[in-house]
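Novice: Structure in structure tokens, see below.
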Amino acid sequence: MDRERLKTLILSILVVMSILLTQQLWFPSPIKILKPEARSRKLHSLTVAENRKDIISPSSIIVSFGAGDRRKNHYTVLSSSLDFVWDESKNILKDYFLGDPEITSVTYEKYIQNNILKSVELEFSDNIPTILVSSIFDSLENKVVRNIKEIKKILIPAFNRGVIYIVENNDSIFEVKLLEHAENSTLVSFIDELETVEYIKYHPIFSLFNELESNYTPMPINNAVATTQTFVESEIDIENDAMLIERSKNFFNENFDFVKTIKETSGAVVYIYGYGEKRVRINEKGALEYNGEIGNISSSNVIESLDAAIDFISKNGGFPEGTYLKDIQNILKDQNQNNGYRFSFGYRIGGFPVEFNSNKMEHPIEIEVYGNKVKSYRILVRKVMDMQGISPEQSILYFPDIIEKNLEHLKLKYFNKEQQLPEQIDDEDKILELLKGIEEVRMVYFDTVEEGKGQLLKPSWRIKIKGDIYYFDSYTGDLINSVMLN
């Protein structure tokens, strides 16, 4: 009897083991399923973080050649090698963000004293929180973040001896000093090499006009460099129905069963999901606009919201080459509560930023994020066309000639503001007052957005005067466009 019971027990164990082994063969363990999913989420998160690190970069880089004399020193604004200089700058900056630096407030005069030495000045766009720049180094809590709210500029002396300077948006200036630092001669070598090649030379305005001692804005003074004009087309072809559907279906989770298509008389195509919960409109120039319902959600975590924006854009067409974060605006629910963020991005062609002025869009890529949900998204990005039969390179016009050609128009605009100068002021003083107001001079491509295909982009001088922005054709000196502050 005992032997029979033993046989029965053994047989039962074998049956159970057989069932378990069969289950393992046909039904994978939940643990094994979860591990790849967790790994996938980690990989996806890493991709978003890496994209963020690429996108948070300077909008402009100014190189000082270091004459040592503020009246003799000259500069150039980089239109190439930006990635190289930014990468080398990050190698230097990480010690300041990850270390234990001394941070002290300094005067504008001290900043200028270091600016006229061999140096690299990294100019960031508007309203960039320090924590975003710090996130490049995988650090969200450090001395720099605690003491400096936003970063407008970072000045790195090329003979870096443990000191950099950071300028906030309110023009407060901080010296950030490391007691222990490693020597880095890469920027010195780059500046020395750059000085041997052809470049657009800039001088501070005050060095050209003795009366403007307070204006250190670099102004271009030579026209030795030939610049390239180019034909472009929108990345989205409004005439290609298959492309429109392919580009739009991701916004609807690739499900077009409940999507209604409307073709407007203007040539624009509109896709509406369900009862209007989601809507995509692509106009005749290839500009895409998405709007979606998100419910009642808000957040003040700028990194979480930026990552959500990057994730959304990456899944819906991606970023163009040369993208950089251009502006961040808080969307306020009331006076005290932040409800969301509007992130704006720019991009470059041939090293020059592409800009335009549109009624609906200020920047090539704009996205509104509440918490981690996207409410609206707009994009108009161009790509270079292979066009034959045009002269791609021409010499640019001498910059003072552009000012002289447009002097009457500029005086009319500038002195027609509310704060006018006395009527008896003479033209020479008006010119000096005008030059004193120049805050920035940059080379860009200005897109008039007249054509979806075959749009000619010419290098243009972008001049900022007391907040007003003017765009001039660098070949002819003609005024192309202007954006008035008031």
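The values are calculated or read from the model by the stated rules, or taken from the named source; none is laboratory data. Quick caveat, the model's predicted, so the values are computed rather than measured. Reconstructed Cβ throughout: ideal geometry from the backbone, glycine too, with neighbour counts over all protein chains shown. What goes into the accessible areas is simple: the full protein's heavy atoms, side chains included, and nothing from ligands, DNA or RNA. Shrake-Rupley method; radii C 1.70, N 1.55, O 1.52, S 1.80 Å.
Novice: Being buried (at least 20 other Cβ atoms within 10 Å of the Cβ) and among the hydrophobic types (A, V, I, L, M, F, W, C) narrows it down to one of Val167, Val163, so name that one.
Specialist: Going through Val167, Val163 in turn, just one is buried (at least 20 other Cβ atoms within 10 Å of the Cβ) and among the hydrophobic types (A, V, I, L, M, F, W, C): Val167.
Novice: Against the definition (over 21 Å from the mean Cα position of the chain (by Cα) and either surrounded by 13 or more Cβ atoms within 10 Å (Cβ to Cβ) or under 23 Å from Glu362 (Cβ atoms) (or both)), how does Ile310 come out, yes or no?
Specialist: No, not satisfied.
To keep it simple, each residue is scored yes or no on (1) modelled with pLDDT of 85 or more; (2) open to solvent by 60 Å² or more (accessible area, probe 1.4 Å); (3) in a strand (DSSP E or B).
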site: Gln419; (1), (2), (3): no, yes, no
site: Pro422; (1), (2), (3): no, yes, no
site: Tyr445; (1), (2), (3): yes, no, yes
site: Val449; (1), (2), (3): yes, no, no
site: Gly452; (1), (2), (3): yes, no, no
site: Ser460; (1), (2), (3): yes, no, yes
site: Lys464; (1), (2), (3): yes, yes, yes
site: Gly477; (1), (2), (3): yes, no, no
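Novice: To continue, here is another question. Hey, can you tell me all the residues within region 117-130 that are of a type in the set (A, V, I, L, M, F, W, C), more than 18 Å from Phe345 (Cα to Cα) and open to solvent by 10 Å² or more (accessible area, probe 1.4 Å)?
Specialist: Of everything in region 117-130, just one residue is of a type in the set (A, V, I, L, M, F, W, C), more than 18 Å from Phe345 (Cα to Cα) and open to solvent by 10 Å² or more (accessible area, probe 1.4 Å), namely Leu117.
Novice: Considering every residue within region 320-338, establish whether at least one is free of Cβ contacts under 8 Å to residues at least 60 places away in the same chain and either surrounded by 22 or more Cβ atoms within 10 Å (Cβ to Cβ) or closer than 21 Å to Phe252 by Cβ (or both).
Specialist: no
Novice: Still on this model: From the list Ser172, Ser134, which one is among the small types (Gly, Ala, Ser), within 25 Å of Gly346 (Cα to Cα) and either in contact with a strand residue (DSSP E or B) (Cβ under 9 Å, 6 or more places away or on another chain) or surrounded by 14 or more Cβ atoms within 10 Å (Cβ to Cβ) (or both)?
Specialist: When all the criteria are applied, what remains is Ser134.
Novice: Still on this structure, I have one more. Quick check on Lys94: is it open to solvent by 70 Å² or more (accessible area, probe 1.4 Å), in a helix (DSSP H, G or I) and not aromatic (Phe, Trp, Tyr)?
Specialist: yes
Novice: Could you figure out which of (1) outside any loop (DSSP other than H, G, I, E, B); (2) crowded, with 19+ Cβ neighbours inside 10 Å isn't true of Asp192?
Specialist: Unmet condition: (2).
Novice: How about region 343-361: which of its residues are within 14 Å of the chain's Cα centre (by Cα) and not in a strand (DSSP E or B)?
Specialist: Those that are within 14 Å of the chain's Cα centre (by Cα) and not in a strand (DSSP E or B): Tyr347, Gly351.
Novice: Every residue in region 274-295 that is touching a strand residue (DSSP E or B) at 6+ places or on another chain (Cβ under 7 Å) and open to solvent by 30 Å² or more (accessible area, probe 1.4 Å), please.
Specialist: Glu277, Lys278, Arg279, Arg281, Lys285, Glu289, Asn291, Ile294
Novice: Take Ser207 and tell me if it is more than 26 Å from the chain's Cα centre (by Cα) and touching a residue at least 12 places away in the same chain (Cβ under 8 Å).
Specialist: Spelling it out, Ser207 is indeed more than 26 Å from the chain's Cα centre (by Cα) and touching a residue at least 12 places away in the same chain (Cβ under 8 Å).
Novice: Can I ask one more? For region 362-394, enumerate the residues that are over 15 Å from the mean Cα position of the chain (by Cα), at negative phi, surrounded by 15 or more Cβ atoms within 10 Å (Cβ to Cβ) and not in a strand (DSSP E or B).
Specialist: Within region 362-394, just Asn372 meets the criteria.
Novice: So, in region 180-189, of the ones that are out of contact with any strand residue (DSSP E or B) (no Cβ under 6 Å at 6 or more places or on another chain) and open to solvent by less than 70 Å² (accessible area, probe 1.4 Å), which residue ends up nearest to Asp95 (Cα to Cα)?
Specialist: The extreme case among them is Ala182.
Novice: Something else now. Where residues in region 395-414 are assigned to a helix (DSSP H, G or I) and among the aromatic types (Phe, Trp, Tyr), which of them is farthest from the chain's Cα centre (by Cα)?
Specialist: Looking at residues that are assigned to a helix (DSSP H, G or I) and among the aromatic types (Phe, Trp, Tyr), I get Tyr414.
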